[in-house]
Amino acid sequence: MAIPISVKQLIEGNLIESERIELKKGFNPEAILHSMCAFANDFNNWGGGYILLGVSDNHDIIGLKEKQVDSIMKQLLNLSNKVQYPYFPIIEPVRHSGKIVIVLYCPGGPARPYKAPKSLGKKSEYMYYIRHSSATVITNTEEEKELIGMSNQIPYDDRINPHASIEDLDLQLMKVFLRDINSNLNPNTLSFEDLCRSLNIVDGPKEYLKPKNVGLLMFSQNPEKYIKTPWIEVTVFHDRVGDKFEEEKFEGPISSQIKMALQYIRNAAIRERVQKVNTQAEAIRFFTYPYTAIEESLVNAVYHKSYEIDAPVEVRIELDRIDIISYPGPLPPLNKDNINDEIVISKRYRNRRIGDFLKELRLTEGKNTGFRKIRAAMKYNGSPKPVFITDEERVQFITRLLIHPDFENEPLNEPLNEPLKSDQIFEFIKLNPNCKRKDIEKNTKIPLGTLKRYLQELIGDGKIKKEGSDKTGGYVIIGE
């Protein structure tokens, strides 16, 4: 079975944290067994990891001899059976830079904690292995207790959803995703089931194959049918009392939600000012809010919220600030007292799979750099420091971005006139090529008269076109 991410991306793309990648110049069965066990235990909910055979520690492609590959594949199967309980990673031999590399994708296992023999000799003691930074280690007493306490605790996004079926996953959304990340997976040569298994968004035997929650969040047109409030709500206030406001709700696949909500926020809240300086040739440009800080804050909220809690991600655009709110608050060791420290480190993730998909789409880095990136963007713009807020019980998490001082007391939040309807239509057509007007109307909830007008504008702007007859044809993006 193939893996969606390429060897090139694993080695050079900087998409996956080094803690989740183990490079092996050759085939060392004992070390590989221990790393497989550690990734299966997924102690920090990172989402498991990858083992690359035939790549040195300094990322040089050494390669494996072709005659070795069959033997190594058989030995890897034997190693999988030595883990308690048996654990089977996805294994794929690939050719990169003219040399053969074997990739083992080791997702967090469904039956942790896992043990592996300390050595491959007879009657070897079985130990628990976990990852510490980029090393595989045996657990100490406290770590072992914590790991055992995590028994069968699979993060919500990686669990199957018994109320949905594999038919609720959308093939076209998967094709768009694979194209956007330049994946080597070819959806046209795989059965739908094999494609879903390669993306690790389904689980179970053939007769009871069910989608995982992350699959519904990423590749379902209507995840809200199966998951509590998986959407983003944006409220724009036009006065300080709160009597005048506008609300928009962004539903559908979470990657699409993020893109549409960001565009809406950009139009509603970001203004630019250019200031000439006598002592220098270039003018100074600054904004009400730096877009990078908003983007990072919103993506972090979507990534780290709990999808078991009946509360959406909320964005409140006030006259003097933007609050981005998610539920619940941060995981330990973060708390209300240390969350605004200059150096904030937390290596525990609530959703181990959502982050991987968002990273592959370049929407997040997932390397514990979110706070730092938001602070840097605000500082560069000349804005006040961001404020991160949670309470004693960590019920909620708020990222507060204050407006640039030069824009204070200005009426920025002007009412929006049919905001971003064309962007919403364009995004839907992009995700659903050859869709009909009635499909667009049903899913975007845009009134028919308004929809017709925007479709004509998009056609006139050369962004979309209609292919085929009125009965069988549909709309497509030009150049796709």
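Some notes on this structure:
- Close amide-amide hydrogen proximity is noted between residue 184 and 6, each under 5 Å apart and 5 or more residues distant or on a separate chain (H modeled in the peptide plane; Pro and chain starts excluded).
- Using the Cβ-Cβ distance between residue 171 and residue 228 with R0 = 22 Å, the FRET efficiency computed as 1/(1 + (r/R0)^6) comes to roughly 0.30.
- Extension gain from residue 249 to residue 141, taking 0.36 nm per residue of separation minus the Cα-Cα distance: 34.1 nm
- Shape of region 88-174, Cα gyration tensor, a/c cut at 1.5: oblate
- Cα-based shape type of region 1-86, given that a ≥ b ≥ c are square roots of the gyration tensor eigenvalues and the cut on a/c is 1.5: oblate
- A 1.4 Å probe, protein heavy atoms only, puts the accessible area of residue 264 near 0 Å².
- Reported value for the chain: 195 Å³ per residue, from the convex hull of its C-alpha atoms.
- When the C-alpha to C-alpha distance is required to be over 31 Å, the pairs from 99/145; 122/145; 385/442; 276/336; 175/442; 379/430 that qualify are 99/145; 385/442; 276/336; 379/430.
- Membrane-span-like helices of the chain, defined as complete DSSP H segments with a Cα extent of 24 Å or more along the helix axis and a mean Kyte hydropathy of at least -1.0, are identified as 66-82.
- Summarising the amide proton neighbourhood of residue 306: residues at separation of 5 or more, or on other chains, whose placed amide H is nearer than 5 Å comprise 327.
- From the alpha carbon centroid of region 105-133 to that of region 267-327 is 44 Å.
- Accessible area of region 214-363 belonging to carbon and sulfur atoms, whole % at 1.4 Å probe: 46 percent
- Taking the Cα centre of the chain as reference, the dipole from Cβ charges on Lys and Arg (+1) and Asp and Glu (-1) amounts to some 1320 debye.
- Rg and Dmax of region 419-480, Cα atoms only, in Å: 10.4, 31
- Near the amide H of residue 127, within less than 5 Å, lie the amide hydrogens of 116, 118, all on another chain or at least 5 residues away, with H placed in the peptide plane.
The values are calculated or read from the model by the stated rules, or taken from the named source; none is laboratory data. Computed from a prediction, not measured in an experiment: that's the story for all the values here. Backbone-built Cβ (ideal geometry, glycine too); neighbour counts: all protein chains shown. These accessible areas exclude ligands, DNA and RNA; they are computed on the full protein's heavy atoms, side chains included. Shrake-Rupley method; radii C 1.70, N 1.55, O 1.52, S 1.80 Å.
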